[in-house]
Structure formats: C-alpha cells, structure tokens
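First comes the structure, then the notes that go with it.
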Amino acid sequence: MRRGAAVAALLCLGAACLLGRGFDPRAWLLPARRRLLSAAQLARYRGAPGQPGLYLAVLGRVFDVERGRKHYGPGGAYSGLAGRDASRAFATGDFTPAGLVDDVSALSPGEMLAIRSWLSFYGDNYQPVGMLVGRFYDENGAPTEALRQAEAAIEEALKFHAESKQRKQQFPPCNSEWSSAKGSRFWCSRQSGGVTRDWAGVPRKLYRPGSRGSHCVCVRTTGAPWGQPDSAEHGDRGDLDDPHLEEYAGCHPLAEQCVPTA
C-alpha cells in the first residue's frame, strides 16, 4: 500500500471512531484562546531544529501537537499537516500540495463529518493555541463567512447522517449474491445489512427521491408503518405500502428470498 493511501486509511478510521463526539466551535472565542497567528507565523511551527514548536490548524483552529511529534514532526506520517491549515486533507487523505489546503467548500457531507471528528480529537487530546488569520478567522479573531458556511455544512451533514441511520433501521439492506449461471439473488434475515432486529422482512427495490437507481432493502411485513402508532387502520402490513418501494418481478410478494426474472 502506498504511503498516501495508508495515511488516508488512518485518517478515515480515526474519523469514523470519533463520529458523534461533540466540539463547541464557539469555545475558541474565549479571551484566553484569542492568540492570533498569521500563515507565516504558523509555518515556523513544523518541528524542525531551531523552530519554536509543532503546531497544526483545522478550520482555522490551531493546536500544539508537540507531544505527538512522532506523527507530526519531520519524517512522521502526518508531517505534511504541521505548520499549516490542511483541513481538506483531514477529510480526503490527499497529502499532495493540492490536497494540503484549507478550502473545504466542495467537500461531501461525509467528508465534513470527518473534519468535525478530527476537531473533536484535537480538542480532546491536544492543547489549543488560538486561531489562524485567513480563511476562517479575520484579523480580529472573528469568524468569517467561510467558517460559518463550513459549520452550517457540518450541521447539515449531522442531520443527514442521523436520517440515514434511521432509514437503515427502517429499511435494512438485503443480503445479495450474483452468479453467471443464476444471476442475482436477494434475501433477508434478522441481521441483514448489519442491522440486528426481531424481524427478517422481504426484499424490495427502494428508490430514493432524486436518485436514478434503486437498491435492495428488507421491508417489515407486519404491524404499523415506521414511525406511526399501532392502529388497526394501518392494516397490519408494516412498510409494504411505502410509495418508494417496488416488488421484484418473478418473486412472491412475501418471500424472504428472491431471484428476480428481470
């Protein structure tokens, strides 16, 4: 595995483990943390002999990472992050000059959550130093429009993540396999899609609004629809009547296993 790919994998793993842990960006506005650094000043903190220390920045927030020197110091796996704000690299794992930048404006929701997770990690494990004057903080230490947009993107990503988790509980992915002889086979179990539950369900195509294709999910066949109180008026059909679902051709509507004919 190439070094860049290995570093990217470590970054993604760390972000996944930290997802959901809180970080209060407004804490950085406390007077005790109002030290402001220019990009030129921050560049002097790369841990080389004769330099005053080892710092890095994420979304303009500067941390002293001296005690992580083996990772961030010269020759370390994360040395490219030192002495600069490389917020984009925390999400993408791109350690080329094009990736070691602070522009996060085009990142996906998942990538913004990765940045949030790394902010939580540094806030929990390293000493905050202050703010970097530039994209995210102005010369007075006040948040810029770019920071407000990044924080709004993180909030939207958190909302999307929560909704995705809820959808996966409602419609867990099917088990699936394909062979040249028999084609595709889909089936449901009480643990399919990595969602442990007390029902198996039946395979259905699920179409997301705005999506061109579909994917196989397991659908509950009894009880009230998801999120609605139990009531006789629902007909005890679970989520079978959800308008975004479609049956597979050639499969019995209530079979837990399906080999589509088309």
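The values are calculated or read from the model by the stated rules, or taken from the named source; none is laboratory data. No experiment lies behind these values; they were computed from the predicted model shown. A quick note on method: Cβ atoms are made from the backbone with ideal geometry, for glycine too, and the neighbour counts reach across all protein chains shown. Ligands, DNA and RNA are excluded from the accessible area calculation, which covers all protein heavy atoms including side chains. Shrake-Rupley method; radii C 1.70, N 1.55, O 1.52, S 1.80 Å.
Of the numbered criteria (1) under 25 Å from the mean Cα position of the chain (by Cα); (2) open to solvent by less than 50 Å² (accessible area, probe 1.4 Å); (3) modelled with pLDDT of 95 or more, the one G130 fails is (1).
Test each condition in (1) touching a strand residue (DSSP E or B) at 6+ places or on another chain (Cβ under 9 Å); (2) farther than 14 Å from F90 by Cβ; (3) open to solvent by less than 70 Å² (accessible area, probe 1.4 Å) for L56 and report the one that comes out false. Condition not satisfied by L56: (2). Residues in region 59-93 that are aromatic (F, W, Y) and touching a strand residue (DSSP E or B) at 6+ places or on another chain (Cβ under 7 Å): F63, Y72, F90. May I ask you to verify whether S189 is within 15 Å of Q169 (Cα to Cα), in contact (Cβ under 8 Å) with a residue 40 or more places away in the chain and open to solvent by less than 70 Å² (accessible area, probe 1.4 Å)? Answer is yes for this residue.
Could you tell me whether T196 is modelled with pLDDT of 90 or more, closer than 14 Å to P173 by Cβ and either among the β-branched types (V, I, T) or assigned to a loop (DSSP other than H, G, I, E, B) (or both)? Criteria met by T196. Here F95 fits the description: touching a residue at least 24 places away in the same chain (Cβ under 8 Å) and more than 30 Å from Y248 (Cα to Cα).
Identify all residues within region 81-117 that are assigned to a helix (DSSP H, G or I) and open to solvent by less than 40 Å² (accessible area, probe 1.4 Å); write none if there are none.
Result: L81, S87, A89, F90, A91, M112, L113, A114, I115, R116, S117.
For region 225-237, filtered to residues that are farther than 16 Å from Q166 by Cβ and surrounded by 11 or more Cβ atoms within 10 Å (Cβ to Cβ), the residue that is modelled with the lowest pLDDT is H234.
Of the residues in region 68-80, at least one is aliphatic (A, V, I, L, M), out of contact with any Ser or Thr (no Cβ under 7 Å at 6 or more places or on another chain), open to solvent by less than 60 Å² (accessible area, probe 1.4 Å) and assigned to a loop (DSSP other than H, G, I, E, B).
Please indicate, with yes or no, whether at least one residue in region 81-100 is in contact with a Phe, Trp or Tyr (Cβ under 8 Å, 6 or more places away or on another chain) and among the hydroxyl-bearing types (S, T, Y). Among the residues of region 81-100, not one is in contact with a Phe, Trp or Tyr (Cβ under 8 Å, 6 or more places away or on another chain) and among the hydroxyl-bearing types (S, T, Y), which makes the answer no.
With the requirement that a residue be over 24 Å from I115 (Cβ atoms) and open to solvent by less than 40 Å² (accessible area, probe 1.4 Å), what does region 145-174 give you? Show your work before the answer.
Taking region 145-174 as the starting set, the residues that turn out to be over 24 Å from I115 (Cβ atoms) are 169-174.
Q170, F171, P172, C174 - these are the residues of region 145-174 that are over 24 Å from I115 (Cβ atoms) and open to solvent by less than 40 Å² (accessible area, probe 1.4 Å).
Of the residues making up region 192-210, those that are over 17 Å from D236 (Cα atoms) and open to solvent by less than 60 Å² (accessible area, probe 1.4 Å) number 8. Would you check if F121 is touching a helix residue (DSSP H, G or I) at 6+ places or on another chain (Cβ under 8 Å), touching a residue at least 60 places away in the same chain (Cβ under 8 Å) and in a loop (DSSP other than H, G, I, E, B)? So F121 fails the test. Considering the conditions (1) part of a helix (DSSP H, G or I); (2) open to solvent by 40 Å² or more (accessible area, probe 1.4 Å), R135 is excluded by exactly one of them, (1).
Only residues that are assigned to a strand (DSSP E or B), aliphatic (A, V, I, L, M) and more than 11 Å from D242 (Cβ to Cβ) were counted across region 199-220, and they come to 1.
Any idea which of A157, A249 is closer than 30 Å to A106 by Cβ and of a type outside the set (D, E, K, R)?
Values: A249 fails: closer than 30 Å to A106 by Cβ.
Going through A157, A249 in turn, just one is closer than 30 Å to A106 by Cβ and of a type outside the set (D, E, K, R): A157.
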